[in-house]
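Trainee: One structure is given below, represented as structure tokens, and several questions about it will come after.
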Amino acid sequence: MVKIISALIAIAVIGVVIVIYPKSGDEKIVSMASDGNLNGLKKNLSEGGNLNARAFDDRKTPLIAASLNGHLDTVKFLVESGADINLRDGGGTSLYWAAFCGRTEIFQYLLTHGAKLDADKESRSYLIRTMQDKGWTSLIEAVKAESQLEEGAEK
């Protein structure tokens, strides 16, 4: 008990608190998707895992994590299993992140399965500038076309 009180006093004096928490089921499934661990993902989902789970820190979904990290087979599995293709984290949808990371195949796959950028004009402009800087011409044209479709649908 004395050691615990001493540790708490030391933390209060230093002013630093490190929180270590075990990964929840949602954290695990997002992590598996991020790593492209398709077998682990399938097992987790067969045991009742949440297909649209959210990471604690950044609100990423398994589909966003797989899209960001270029795991096309995982993206296909998640979409075919019924993942919500248009959920957003703090920055965008899985389609937005696929474009931002230059994941052309994933971008095209998601687009043909009904994904939306769902980004405001400022975010779209930033996305296009980033892709221009990286020379991703084919993605730029696809993003511009998708943006025009979304803007037309809003009117």
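Bear in mind these aren't lab numbers, they're just calculated from the coordinates by the rules spelled out. Computed from a prediction, not measured in an experiment: that's the story for all the values here. Note that we place each Cβ from the backbone using ideal geometry, even for glycine, and neighbour counts take in every protein chain shown.
Trainee: Debye calculation, C-alpha points only, no solvent: report log10 I(q)/I(0) for the range 83-138 at q = 0.12, 0.17, 0.19, 0.26 Å⁻¹, in the same order as the q values.
Mentor: Taking Cα atoms of the range 83-138 as identical point scatterers yields -0.24, -0.49, -0.61, -1.09.
Trainee: Under a straight-distance cross-link criterion of Cα-Cα below 15 Å, which aspartates and glutamates are reachable from Lys28, leaving out those fewer than 8 residues away in the same chain?
Mentor: Within reach: Glu47, Asp57, Asp58.
Trainee: Over all directions, the average projected area of the alpha-carbon convex hull for the range 23-154 comes to how many nm²?
Mentor: 7.6 nm²
Trainee: Please give the FRET efficiency for Ser46 paired with Lys134, using the beta carbon to beta carbon distance and R0 = 30 Å, rounded to the nearest 0.05.
Mentor: 0.20
Trainee: A further question on this structure: Given charges of +1 on the Cβ of Lys and Arg and -1 on the Cβ of Asp and Glu, with all other atoms neutral, how large is the dipole of the range 23-154 about its Cα centre, in debye to the nearest 20?
Mentor: The calculated dipole for the range 23-154 is roughly 260 debye.
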